[in-house]
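**Q** Provided herewith is a single structure, encoded as structure tokens, for subsequent inquiry.
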Amino acid sequence: MAGRDSSFLGRGWSFPPEFSKPQGLPGALGAVMVEGVNDIEQSIRIILSTLPGERTMEPKFGCPLADFLFNKIDSSTMALIETKVRAALLRYEPRIVVDSVTVDAGDVLGGRIDIGIAYRVRTTNSRHNMVYPYCLGEGTLLQLP
């Protein structure tokens, strides 16, 4: 959407939040803002990385991916992950239509699964996709042979 006005898709703080000095205002700091499809992609990442119950004012917000942390990663578990991701995006990201969600367990022994999301932006009908790497062993001292 280079060169087009995408302000109707929304604008918000970058994630993770960053601050920079606005031009012409010495000593002032301002939040770095994102807009358009970039804002939507960051919103998807926020939804998938937030566990339900983490937000006090919105306790159901998020996607319960941690429920699968100790499950055997088989076709049944991957189908459940796809269902949970699709439901969370349907509920919390109204700017998109989810076309498909896929789970790739190619590096499951390394503690990582990749969640592929293909979606369309409702207002422009433009197609996009992204891969969300979900690290099952992140923050651990997991060592495999």
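Readers should treat all values here as calculations from the given coordinates under stated rules, not as data from a laboratory. All values reported here derive from a predicted model rather than from experimental measurement. Using ideal geometry, Cβ is built from the backbone for each residue, glycine included, and neighbour counts are taken over all protein chains shown.
**Q** Would you mind putting 120-127, 68-75 in packing order, based on average other-beta-carbon counts within 10 Å, highest first?
**A** Top of the packing list down: 120-127, 68-75.
**Q** If you place +1 on the Cβ of every Lys and Arg, -1 on the Cβ of every Asp and Glu, and leave all else neutral, what size is the dipole of the stretch 7-135 about its Cα centre, to the nearest 20 Debye?
**A** That gives a dipole near 320 debye.
**Q** May I ask you to derive the FRET efficiency for ASP104 and ASP67 from their Cβ-Cβ distance with R0 = 22 Å, giving the value to the nearest 0.05?
**A** 0.70
**Q** Then there's this: How big is the stretch 7-135 in terms of Cα radius of gyration and Dmax, in angstroms?
**A** 16.7, 56
**Q** Can you find, among VAL103, ILE113, ALA87, the residue sitting farthest towards the positive end of the charge dipole of the stretch 7-135, where Lys and Arg contribute +1 and Asp and Glu -1 at Cβ?
**A** Value computed over the given set: ALA87.
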